[in-house]
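Here is the structure we will look at.
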Amino acid sequence: MPDLTMPDFSMPDVFTSTPAQAVMLDEGYEFTLPEQPWADDDTIDVTQQVTASWKNTSSNETETGTFQARLSLEHDHVRIVMIDDLGRRAIDIDWSTDALSVQTADWLPKTLDAGRMLADIVMVYWPLDVVRDALPGNMSIRETMGERMLRMDDNGRAYARIERPIRDVWQGVANLRNERFGYVITIRSQRTGSSS
């Protein structure tokens with residue numbers, strides 16, 4: 001099993017900033033990450049198996065990558081580490097009320113933008129009101145039992161479709177289909193600790 005501990009390591013920075021950080025979802029669509037990364041008093045610690053599929057723009061073929069991830073969410077602090085099947089660190093996110101640092105490996109395809117992936121994680125797992133507040137004014141979200149639908153309001157197009165576990169969002173399979181950029185992320189989560 002790959003090492004998913006949270007030690008420091010050296011990778012090129014994508015961005016390091018102070019919240020509130022805006023992530024570009026698309027031209028004219030900025031997702032503003034919450035200033036308080038995790039507002040809940042419950043501590044969440046999960047391991048995830050992440051499968052991402054995307055279209056290679058040069059060959060027009062679908063490519064797939066699998067990653068192991070560890071998410072640790074504490075009051076006002078989120079830490080996410082993703083490694084590939086070879087044990088290489090792909091993404092490291094350290095997000096607190098004071099700063100946001102996102103580092104990514106240079107071998108990741110540009111389709112898997114680390115900032116947008118962080119926004120995807122928030123869209124899938126954070127409470128609906130937090131996601132709604134983070135969306136730009138020209139996007140909307142609707143939630144039904146186990147599903148979220150994000151739309152680009154100025155043209156009505158679907159931006160992303162999300163399916164998530166109903167009883168415990170942190171335990172089970174979630175799917176995000178980004179309609180705008182044509183990638184799909186399937187996340188199998190398992191809690192490694194209980195809520196405190």
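Taking the conditions exactly as written (of a type outside the set (Phe, Trp, Tyr) and open to solvent by less than 20 Å² (accessible area, probe 1.4 Å)), does Val124 satisfy them or not? Before you say what the answer is, go through the steps one by one.
On the way: of a type outside the set (Phe, Trp, Tyr): yes; open to solvent by less than 20 Å² (accessible area, probe 1.4 Å): yes.
Criteria met by Val124.
Collect the residues in the range 102-115 that are open to solvent by less than 20 Å² (accessible area, probe 1.4 Å) and more than 18 Å from Glu63 (Cα to Cα), keeping them in residue-number order. Within the range 102-115, Val102, Gly115 meet the criteria.
The residues of the range 37-53 that are open to solvent by less than 40 Å² (accessible area, probe 1.4 Å) and farther than 27 Å from Thr97 by Cβ, listed by number, are Thr51, Ala52, Ser53.
Scanning the range 112-151 for residues that are of a type in the set (Gly, Ala, Ser), without any contact (Cβ under 8 Å) to a residue 40 or more places away in the chain and either under 14 Å from Val23 (Cβ atoms) or assigned to a strand (DSSP E or B) (or both) returns a single hit, Ser140.
For every residue, the table says whether it meets (1) under 14 Å from Met117 (Cα atoms); (2) hydrophobic (A, V, I, L, M, F, W, C).
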| residue | (1), (2) |
| --- | --- |
| Met149 | no, yes |
| Met152 | no, yes |
| Gly156 | no, no |
| Ala160 | yes, yes |
| Glu163 | no, no |
| Arg167 | no, no |
| Leu176 | yes, yes |
| Val184 | yes, yes |
| Arg188 | no, no |
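Among the residues of the range 158-172, those identified as out of contact with any helix residue (DSSP H, G or I) (no Cβ under 7 Å at 6 or more places or on another chain) and part of a strand (DSSP E or B) are Ala158, Tyr159, Arg161, Glu163, Gly172.
Filtering the range 14-34 to residues that are assigned to a loop (DSSP other than H, G, I, E, B), loosely packed, with under 13 Cβ neighbours inside 10 Å and either touching a strand residue (DSSP E or B) at 6+ places or on another chain (Cβ under 6 Å) or at pLDDT 85 or above (or both) leaves Ala20, Glu27, Gly28.
Residues of the range 54-101 that are in a strand (DSSP E or B), surrounded by 14 or more Cβ atoms within 10 Å (Cβ to Cβ) and among the polar types (S, T, N, Q): Gln68, Ser72, Ser96, Ser101. Checked against (1) closer than 28 Å to Glu74 by Cβ; (2) part of a loop (DSSP other than H, G, I, E, B), Asn155 meets all criteria but (1).
The values are calculated or read from the model by the stated rules, or taken from the named source; none is laboratory data. None of these values were measured; they are calculated from a predicted model. Ideal geometry is used to build each Cβ from the backbone, glycine not excepted, and the neighbour counts take in all protein chains shown. SASA here: full protein model, heavy atoms, side chains in, ligands and nucleic acids out. Shrake-Rupley method; radii C 1.70, N 1.55, O 1.52, S 1.80 Å.
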